[in-house]
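The values are calculated or read from the model by the stated rules, or taken from the named source; none is laboratory data. Please read these numbers as outputs of a predicted model, since none were measured by experiment. As a convention, Cβ positions derive from the backbone with ideal geometry for all residues, glycine included, and neighbour counts pool all protein chains shown. These accessible areas exclude ligands, DNA and RNA; they are computed on the full protein's heavy atoms, side chains included. Shrake-Rupley method; radii C 1.70, N 1.55, O 1.52, S 1.80 Å.
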Amino acid sequence: WDGAWYRRILYKEGGYIGGKDQPSPLGYIFLEPQPWAVISGVADGERGLAALDSVHTHLATEYGVALLREAFPQYDPAIGSISIVLPGVKENGSVFCHTNPWVIIAETILGRGQRAMDYYMRIAYATKSKIADVHGAEPYVYSQHICLPPHYQPGRAGNPWLTGSATWSMLALSQWILGMRPVWDGLLLAPCVPPAWKKFRMQRAYRGAT
């Protein structure tokens, strides 16, 4: 914990990346530790709120939530494969769509349905027809990542079809925003939707019943 978010990588010889007090601005905040601290129950209420607020401040973009800030400009063997690809592409600072649903789930755990739905809409493939000339992929499928600056084509989709984003997004929407999820004892109903919603309907076949 670095005062406002969780660090990402700790080196066995000492030092770290992913912290606000590190000497270099490269990789000063990473996405993955923040939602998983909330999902796992490691982060208590105030710390969880602080971590996700830091995500919103530093990583949220119009195209989705970035994987890290700032991208690594060249290969660094100490960092490894993150820094192999161009800045703003794939693991090196793009919107990695597979990881965005984790933030959505974490926001619903903290009761913030509006922000969860906002994040969902930023990566939803159905919204990409509006930017089809930039997005460049079919508007009916998730992409693995969406390029961000300093890449020269921000908003450009990369590797459509090749991702687990669809499954995670369906789970985040149905089980956490709409809040109908299976648990050991049955079907839990715990919606966390935007306050402006008046109602919605769901129907599900589950364990022999509808």
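Looking at Gly45 and the list (1) in contact with an Asp or Glu (Cβ under 8 Å, 6 or more places away or on another chain); (2) modelled with pLDDT under 95, which single condition is not satisfied?
(1)
Of all residues being over 15 Å from Ala172 (Cβ atoms) and touching a residue at least 12 places away in the same chain (Cβ under 8 Å) in segment 184-195, which is least open to solvent (accessible area, probe 1.4 Å)? Just the residue, please.
The selected residue is Gly186.
Residues are listed down the side, and each one gets a yes or a no for (1) open to solvent by less than 40 Å² (accessible area, probe 1.4 Å); (2) in contact (Cβ under 8 Å) with a residue 24 or more places away in the chain:
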residue: Ala4; (1), (2): yes, yes
residue: Arg7; (1), (2): no, yes
residue: Leu10; (1), (2): no, no
residue: Asp21; (1), (2): no, no
residue: Pro25; (1), (2): no, yes
residue: Tyr28; (1), (2): no, yes
residue: Pro33; (1), (2): yes, yes
residue: Ser40; (1), (2): no, no
residue: Ser54; (1), (2): yes, yes
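Could you list, in sequence order, the residues of segment 34-70 that are in contact with a Phe, Trp or Tyr (Cβ under 7 Å, 6 or more places away or on another chain) and either among the aromatic types (Phe, Trp, Tyr) or at positive phi (or both)?
Across segment 34-70, the qualifying residue is only Trp36.
Consider segment 23-75. How many of its residues are farther than 28 Å from Ile131 by Cβ, in contact with a helix residue (DSSP H, G or I) (Cβ under 7 Å, 6 or more places away or on another chain) and among the small types (Gly, Ala, Ser)?
4
Give segment 103-126 a look and list any residue that's polar (S, T, N, Q) and either touching a strand residue (DSSP E or B) at 6+ places or on another chain (Cβ under 6 Å) or crowded, with 20+ Cβ neighbours inside 10 Å (or both), or say none. Break it down into steps so the answer makes sense when it comes.
From segment 103-126, those polar (S, T, N, Q) are 108, 114; that's our starting set.
Residue satisfying the conditions is Thr108 alone.
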